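Input: a single structure, listed below in structure tokens.
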Amino acid sequence: MSAPKLETQKITQTVTLQGRDEITLDLDIVQGQVAHATLSGRGCTEMLSLLQAWRPKLVGALADLVVPEGNTHSEILLREAILKARGEWKFPYEDQELCHCRAVATSKVDAAIIGGCRSVRAIARETSAGTSCGSCRPDTEAIIAYRLK
Ligand code: FES
């Protein structure tokens, strides 16, 4: 009689903010539990401190991995990496271009939010998105709401 086969899974998630800040989360999952976790990245001192503080938290069930609750750019990026690893990432806008009047990419708006813009008005100042017909503003609001906890 053979031993039951263990269900194993390797998960790698890399998230980045405009190529400057980057977080990579590597997980070995056995039977839904984190068997080994590596969290690395490059960026500012705040980000590196967050990663160091978060490594001991990457234990237990994959579905229960804790995510940062704050809204610094480091916390937002780490939250994205962990939610993607858990299979729970549901970014609310799929097209590459968010503002068609001003030809502003979704990634540019998203980066502005991660970088500190917290309102449609601030996004408009930073990226020009939403400064013409305004029909993209609800999508911008949806991304702000999703990104910020
Ligand atoms: S689509 Fe963004 S202002 Fe018109």
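Throughout, read-outs are computed from the coordinates displayed, never taken from laboratory work. Worth saying up front: this structure is predicted, and the values here are computed from it rather than measured. Every residue, glycine among them, receives a Cβ derived from its backbone with ideal geometry; neighbour counts consider all protein chains shown.
Being in contact with a Lys or Arg (Cβ under 8 Å, 6 or more places away or on another chain) and over 26 Å from Pro4 (Cβ atoms) is the filter here; which residues of the range 27-41 pass it?
Leu39 - this is the single residue of the range 27-41 that is in contact with a Lys or Arg (Cβ under 8 Å, 6 or more places away or on another chain) and over 26 Å from Pro4 (Cβ atoms).
Select from the range 49-60 the residues that are within 16 Å of the chain's Cα centre (by Cα) and either more than 14 Å from Ala85 (Cβ to Cβ) or loosely packed, with under 12 Cβ neighbours inside 10 Å (or both) and list them in ascending order.
Within the range 49-60, Leu50, Leu51 qualify.
All but one of (1) buried (at least 16 other Cβ atoms within 10 Å of the Cβ); (2) in a helix (DSSP H, G or I) hold for Thr24; which doesn't?
Of everything listed in (1) buried (at least 16 other Cβ atoms within 10 Å of the Cβ); (2) in a helix (DSSP H, G or I), Thr24 misses just condition (2).
Does the range 108-132 hold any residues that are more than 11 Å from the ligand (Cβ to nearest atom), touching a Leu at 6+ places or on another chain (Cβ under 9 Å) and in a helix (DSSP H, G or I), and which are they? Quick ask: steps written out before the conclusion?
Taking the range 108-132 first, the residues more than 11 Å from the ligand (Cβ to nearest atom) are 108, 110-119, 121-122, 125-126.
Adding the requirement that they be touching a Leu at 6+ places or on another chain (Cβ under 9 Å) leaves 108, 110-111, 113-115, 118.
Once the filter is applied, which keeps residues that are more than 11 Å from the ligand (Cβ to nearest atom), touching a Leu at 6+ places or on another chain (Cβ under 9 Å) and in a helix (DSSP H, G or I), the range 108-132 yields Lys108, Asp110, Ala111, Ile113, Ile114.
I'd like to verify a number: residues in the range 98-127 that are under 22 Å from Glu75 (Cβ atoms), without any contact (Cβ under 8 Å) to a residue 24 or more places away in the chain and among the aliphatic types (A, V, I, L, M), how many?
Total satisfying the criteria: 3.
Can you pull out the residues in the range 83-97 that are part of a helix (DSSP H, G or I) and either closer than 25 Å to Cys133 by Cβ or touching a residue at least 60 places away in the same chain (Cβ under 8 Å) (or both)?
Restricting attention to the range 83-97, the residues satisfying the condition of being part of a helix (DSSP H, G or I) are 83-85.
Within the range 83-97, Lys84, Ala85 meet the criteria.
Tell me, which residue of the range 1-21 that is of a type outside the set (Asp, Glu) and surrounded by 16 or more Cβ atoms within 10 Å (Cβ to Cβ) is nearest to Asp64 (Cα to Cα)?
Ile11
Within 16 Å of the ligand (Cβ to nearest atom) and either surrounded by fewer than 20 Cβ atoms within 10 Å (Cβ to Cβ) or under 30 Å from Ala35 (Cα atoms) (or both): which single residue out of Ala85, Ala103, Ala63 fits that description?
One residue alone meets the criteria, Ala103.
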